[in-house]
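**Student:** I have a structure here, written as structure tokens, and I will follow up with some questions on it.
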Amino acid sequence: MKDAVGASAGGEAAFVDFQDVWLAYSDELEASSNFAVEDINLRTTDGEFIAIVGPSGCGKSTFMKLATGLKRPTRGRIRIDGNAVSGPLKIVGMAFQAPTLLPWRSTIDNVLLPLEIVEPYRSQFRARREEFAQRARQLLGTVGLAGYEDKFPWELSGGMQQRASICRALIHQPKMLLLDEPFASLDAFTREELWNVLRDLWTLQRFNVILVTHDLREAAYLADTIYVMSKGPGRIVARRPVDLPRPRDLEITYSKPFADLVLELREQIGAIRKH
């Protein structure tokens, strides 16, 4: 396992750039040196797929809040796509463990929701609705939901709902997709199916991805680079480039290099939990 480093691969310009980032959730906590994350240094190249893993309570979700601009660092600096982060980012799409689809809206209307509320699409939505709906139908078709556009969430399986949730996160063509345990609630077979859905979408569009997951196999299968966080206060203690060739299919998960990588990550996190 390689030590945590700040430089992105090959010295390329960073898309995500965390420089000496610390976060305390209040002035009182800062005064008592009670930080949720500390000394975070991380840089990704444009189009890179990274995964964040670590024990429960290590600050993975806090990292996501910082990366989206929902929280500003107590110390340090964050730049995304060359710009300092000073508030919520419009170039980000997000999907969570629970699909959170609105039950009174059809699948396509759930997918279209960001275009109704995010500028510059909001002011154009009525005039361009059919164009946007066509974009949504194409995206739904890409993830295997053609024919389900008019179904309601309660008519879809959990895996279908999560596919729709990913489409909703991507409908406004964000430069970065943030995924917080997106497949954790699904059965193993459906989870692996959605790994491939996400793999194919990323291969096609090459948006930047930050995946937070407890599933080490998921991280190894999908990511270019895996970052390991310590117990709270969360620090990045290791950066592990994934050397497995692309394109990857599920057969690789039965190979020795894959198993060795997952074991390496498991041992790293096991050691963290003991200290």
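**Student:** When only alpha-carbon atoms count, how far does the chain stretch along each of its three principal axes, as whole angstroms with the largest first?
**Tutor:** 52, 46, 35 Å, listed from the longest principal axis down.
**Student:** Order of MET229, MET160 from fewest to most other C-beta atoms within 10 Å?
**Tutor:** The most exposed by this proxy come first: MET160, MET229.
**Student:** While we're on this one: How much FRET efficiency would the formula 1/(1 + (r/R0)^6) give for SER123 and ALA31, where r is the Cβ-Cβ distance and R0 is 45 Å, rounded to 0.05?
**Tutor:** That pair, SER123 with ALA31, gives E of 0.55.
**Student:** Next up: Is segment 1-141 rounded, prolate or oblate when judged by the Cα gyration tensor, a ≥ b ≥ c being the square roots of its eigenvalues, rounded requiring a/c under 1.5 and prolate requiring a/b larger than b/c?
**Tutor:** It comes out prolate by the Cα gyration axes.
**Student:** If you don't mind, another one. What order, most packed first, do the peptides 198-211, 47-60 have when packing is the mean number of other Cβ atoms within 10 Å of each residue?
**Tutor:** 47-60, 198-211
**Student:** Another question, if that's okay. Cβ neighbours within 10 Å, averaged per peptide: list 261-268, 213-220 in order, most packed at the top.
**Tutor:** My ranking of the peptides, most packed first, is 213-220, 261-268.
**Student:** Now for a different question. Alpha carbon centre of segment 104-147 versus segment 163-233: separation in Å?
**Tutor:** If we compute the Cα centre of each part, the gap is 21 Å.
**Student:** Another question about this same structure. Using the number of other C-beta atoms within 10 angstrom as an exposure proxy, rank SER165, SER157, SER185 with the fewest first.
**Tutor:** SER157, SER185, SER165
**Student:** Sort out for me the Cα centre separation of segment 239-275 from segment 52-72, rounded to whole Å.
**Tutor:** A separation of 21 Å, based on Cα centres.
**Student:** Count neighbours as other Cβ atoms within 10 Å of each site's Cβ, and list the trypsin sites (Lys or Arg not before Pro) in segment 138-169 that are DSSP loop with at most 16 such neighbours.
**Tutor:** Hits after loop and neighbour filter: LYS151.
Every number here is computed from the coordinates shown, using simple stated rules; none is lab data. These figures come from a predicted structure and were not determined experimentally. Neighbour counts run over all protein chains shown; Cβ positions are idealised from the backbone, glycine included.
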